[in-house]
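The values are calculated or read from the model by the stated rules, or taken from the named source; none is laboratory data. What you see is a predicted model; the values in this text were computed from it and never measured. When we count neighbours, we look across all protein chains shown, and the Cβ atoms used for this are built from the backbone with ideal geometry, even at glycine. Side chains included, ligands, DNA and RNA excluded: accessible areas come from the protein's heavy atoms. Shrake-Rupley method; radii C 1.70, N 1.55, O 1.52, S 1.80 Å.
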Amino acid sequence: MSAKVNAALPLEYQTEQNRMNILGFWVFLGAEIVLFATLFGVYGVLDERYAGGPTQKDIFIVKDVMIQTFLLLTSSFTMGISIFEMRRSNMKGMLMWLVFTLLLGGGFLFMEIREFMHYVHEGAAMQTSAFLSSFFVLLGTHGLHVTIGIGWAILLIIQILQRGLTPVTARKAFIFGLYWHFLDVVWIFIFTFVYLQGLVM
Amino acid sequence: MGIKWDEFFVTGDPLIFASQIGIALTLVGALAGITYFKKWNYLWSEWFTTVDHKKIGIMYILLGVVMFLRGGIDGLMMKGQTAVPENDFLNAQHYNEVFTTHGVIMILFVAMPLLIGLMNFVIPLQIGARDVAFPQLNALSFWLTVSGAALFNISFIIGGSPDAGWTSYFPLAGKEFSPGIGNNFYAVALQIAGAGTLMTGINFVVTVLKMRTKGMTLMKMPMFTWTSFITSIIIVASFPIFTVALALMTFDRTFGTHFFTISGGGMDMLWANLFWLWGHPEVYIVVLPAFGMLSDIISTFARKTLYGYKSMVISIVMISVLSMLVWVHHFFTMGNSAGVNSFFSITTMAIAIPTGVKVFNWLFTMRKGRIKFTTAMFWALAFVPNFVIGGVTGVMLAMAAADYQYHNTLFLVAHFHYVLIPGVVFPIFAGLYFWWPKMFGYMLNEKIGKWHFWLFVVGFNVTFMPMFFLGLDGAVRRAYTYSAETGFGPLMMISAVGSVILAAGFAALVYNIYWSARNADRNIGNDPWDARTLEWATATPVQHYNFASLPEVTKLDAFWHMKKNDQLQPLTEDEIEEIHLPSNTWIPIYMGVVFGISGFLLVFEWTIAAGIAALGILAGLAFRSFDYDEGFHVHKDEIFETESNWRKGANKGVKNHVS
């Protein structure tokens with residue numbers, strides 16, 4: 001932990017410890033990529049093993065999926081603006097866009113939970129078939145990440161309100177931004193390889 | 001769902017009943033002892049809450065040694081059972097449990113903690129740093145490992161041990177064929193420990209990339225640092241696969257999903273693939289740091305720079321890439337096409353190439369060296385021929401067609417013990433003898449060390465060499481007994497006798513630690529081996545801030561060149577600056593406890609209670625998020641005093657320990 005500050009860099013990169021934390025988080029995202037790649041692999045193996053239960057075409061609702069996608073992709077955009085405002089040292093703007101991000105993320109989560117409940121209601125539960133097991137666990141893992149992200153960002157907002165923009169809070173916000181964009185990328189893969197592919201199978 | 005209370009404690013077996021009483025008495029005794037000697041405060045503030053990489057390393061090593069005892073007793077029990085035909089010392093179920101826990105414990109709670117412990121202690125010192133990149137995370141890694149180990153170990157007195165082999169293949173490990181909760185212990189305990197290991201991997205990747213001292217380019221790093229770095233990358237690339245596999249196992253067993261089941265469209269081979277996609281790289285995770293330690297030890301005691309440094313680095317990178325491409329060789333016989341088997345046969349044999357390069361590099365390092373026959377060097381010397389036996393039999397097993405003969409026999413068991421014991425355990429012993437003075441300020445006794453060495457190496461060979469022949473004669477692994485007509489009896493008996501010699505060797509190590517702690521010379525200087533790397537440039541035992549001023553490096557074997565070229569400058573008072581260090585924290589040990597409680601409840605499938613306990617985990621994360629502790633500064637006067645003390649005393653009246 002070096003206290004040396006290099007003021008020429010953006011706030012979140014100014015201390016050595018911050019630079020290490022950001023690199024460490026990138027390495028963590030590498031591990032997350034392996035984690036999701038494994039779940040996608042499992043889904044790819046099991047996605048036609050219906051065991052007499054419903055298929056993708058029977059349960060997917062295109063409109064709802066499009067709304068979820070729209071909400072999450074937009075939230076990634078607002079997250080980007082939030083970090084942009086942070087770089088401009090505009091704390092108010094930063095927090096405003098961060099709150100937008102969370103609202104959009106919350107909306108996504110609401111839609112996803114509703115979707116899951118709808119499926120279970122239709123008789124398509126996690127225990128029904130291998131396809132549905134892998135579907136629920138893949139999407140559930142993503143949804144859990146979004147949930148944790150929302151809780152994390154709320155703690156972050158409190159800290160920024162308490163302390164203002166310091167190298168530490170800026171680094172935390174930046175790392176949260178990386179995490180949030182990553183979830184968006186994962187969703188693009190889910191949208192493509194689960195929903196779109198499922199509809200043409 | 002849920003487990004009945006009358007199944008809570010394992011009952012009915014006198015051996016287990018005796019251990020339950022033994023464990024209860026030991027626990028009560030330990031707690032009473034600590035209270036009586038008023039050591040709680042010391043333990044809490046010096047060890048339980050520490051973030052110092054050196055202390056965390058030592059705690060990892062302690063965990064590894066204790067688990068070695070447990071795993072070793074499992075091994076002895078198996079050898080006792082199979083020593084004579086039709087033995088009834090253990091019944092089939094008990095034997096299943098014993099070989100399962102033996103495998104899991106030896107790999108995940110012995111090899112890993114011992115290696116990660118040595119990495120923790122040595123790597124920051126070797127790269128001239130004051131700690132790892134994320135000291136609190138490091139403590140969290142350790143306490144999660146402890147939590148997982150504790151959870152796994154209580155399984156044999158509470159609830160029942162896992163019994164489906166350390167590989168836990170489905171469908172055997174599923175609810176249908178293993179209805180008890182033993183395999184839940186496997187899934188949950190390894191999940192917790194695995195999370196800790198993943199964090200260690202991330203921590204060391206960043207530490208090595210970002211915290212090397214001035215002048216230490218990647219190609220000037222000591223070999224142990226190199227191998228630990230590559231190992232950390234493999235950890236990051238492979239442990240998430242295990243995380244997923246174990247999570248899916250938990251889902252199948254506890255929540256009724258169909259990933260690996262036979263009904264519902266599940267696919268049991270999916271487990272085998274996921275398990276070995278992690279499991280094979282895991283072998284290299286344990287063997288690579290061991291190779292690195294050997295490289296440093298051999299070059300120290302051959303008193304030469306490592307031969308072929310660059311080819312060594314290229315080899316470990318190649319091994320790490322190949323490690324991800326060979327997993328199917330663990331199930332050649334399980335219905336793959338000939339094309340698939342051929343591909344994995346070839347990748348497997350290809351691993352022999354970089355490994356062979358390394359073996360020759362070690363031999364050429366020793367060639368024309370003035371070898372000092374210390375105990376550490378003994379282990380390194382014994383490693384080469386023994387490991388080559390493991391390697392050559394590995395190439396035999398790599399031939400898919402021939403593997404149909406060897407598969408699932410004791411030949412395979414002998415092979416991987418010849419890889420893992422000379423390839424991991426010998427180097428760990430070498431590393432312990434080598435770095436022990438750095439850790440504790442005294443050396444392990446060389447004479448008892450030689451006893452340890454000879455008993456262990458002879459015992460090892462007597463135990464496992466007969467198993468090659470038993471395997472070729474058709475003795476299958478994991479069979480709890482055999483009939484006299486098979487003719488396995490005599491070799492099995494020899495093997496059992498060997499295991500007792502092996503155990504005596506381990507006992508000699510324990511006695512050596514005890515004897516040396518009491519009697520060994522404390523006046524050994526900071527560099528008792530006349531060594532080559534930076535960890536020997538600072539005090540022994542190492543002061544908590546590691547280096548008063550960070551060393552500057554111009555060459556490989558930096559410390560050696562400093563000594564030869566008289567570049568070791570005395571430290572002057574005006575060079576000393578305040579040193580910033582992180583504060584202790586209670587959060588990691590708290591996280592270990594809540595993970596343990598939550599995991600325990602999940603094992604018993606009390607999911608609601610487990611969920612409530614998991615709120616404690618979230619609370620811990622929140623505490624950490626709001627923790628803005630800035631650490632503290634070590635004052636100049638304190639540094640000056642510490643430094644002058646050890647530098648003044650250094651080398652005064654110190655015997656040369658290696659001549």
Region B:240-291, residues that are within 17 Å of residue B:321 (Cβ to Cβ) and either facing another protein chain (nearest Cβ under 9 Å) or in contact with a Pro (Cβ under 9 Å, 6 or more places away or on another chain) (or both): B:241, B:277, B:278, B:287, B:291
Test: residue A:69 is away from chain B (no Cβ under 14 Å) and in a helix (DSSP H, G or I): yes
Unmet criterion (only one of (1) in a loop (DSSP other than H, G, I, E, B); (2) modelled with pLDDT of 90 or more; (3) of a type outside the set (D, E, K, R)) for residue B:551: (2)
Of all residues making up region B:561-581, the number that are within 14 Å of chain A (Cβ to nearest Cβ), touching a helix residue (DSSP H, G or I) at 6+ places or on another chain (Cβ under 8 Å) and within 28 Å of residue B:531 (Cβ to Cβ): 2
Lone qualifier among B:592, B:631 - being within 14 Å of another protein chain (Cβ to nearest Cβ) and either small (Gly, Ala, Ser) or open to solvent by less than 60 Å² (accessible area, probe 1.4 Å) (or both): B:631
Any pair with Cβ under 6 angstrom, 6 or more apart, that starts in region B:137-148 at a residue that is under 11 Å from residue B:49 (Cα atoms) and modelled with pLDDT of 95 or more and ends at one that is of a type in the set (S, T, N, Q) and assigned to a helix (DSSP H, G or I): none
Region A:63-73 - residue that is open to solvent by 60 Å² or more (accessible area, probe 1.4 Å) and within 20 Å of residue A:184 (Cβ to Cβ) and, of those, nearest to the chain's Cα centre (by Cα): A:73
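Per-residue answers, yes or no, for (1) part of a helix (DSSP H, G or I); (2) within 14 Å of chain A (Cβ to nearest Cβ); (3) closer than 30 Å to residue B:219 by Cβ:
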position	(1), (2), (3)
B:112	yes, no, yes
B:123	yes, no, yes
B:146	yes, no, no
B:198	yes, yes, yes
Hits in region A:1-54 (condition: more than 8 Å from every other protein chain (Cβ to nearest Cβ), open to solvent by 50 Å² or more (accessible area, probe 1.4 Å) and outside any helix (DSSP H, G or I)): A:4, A:5, A:6, A:7, A:8, A:9, A:48, A:52
Hey, residue A:189 modelled with pLDDT of 95 or more, farther than 30 Å from residue A:8 by Cβ and open to solvent by 40 Å² or more (accessible area, probe 1.4 Å) or not: yes
Criterion: surrounded by fewer than 20 Cβ atoms within 10 Å (Cβ to Cβ), more than 24 Å from residue B:559 (Cα to Cα) and not aromatic (Phe, Trp, Tyr) - qualifying residue of B:285, B:262, B:235, B:202: B:262
Selection status of residue A:77, assigned to a helix (DSSP H, G or I), under 24 Å from residue A:164 (Cα atoms) and at pLDDT 95 or above: yes
Number of the condition not met by residue B:305 [criteria: (1) crowded, with 22+ Cβ neighbours inside 10 Å; (2) of a type outside the set (Gly, Ala, Ser); (3) closer than 14 Å to residue B:364 by Cα]: (1)
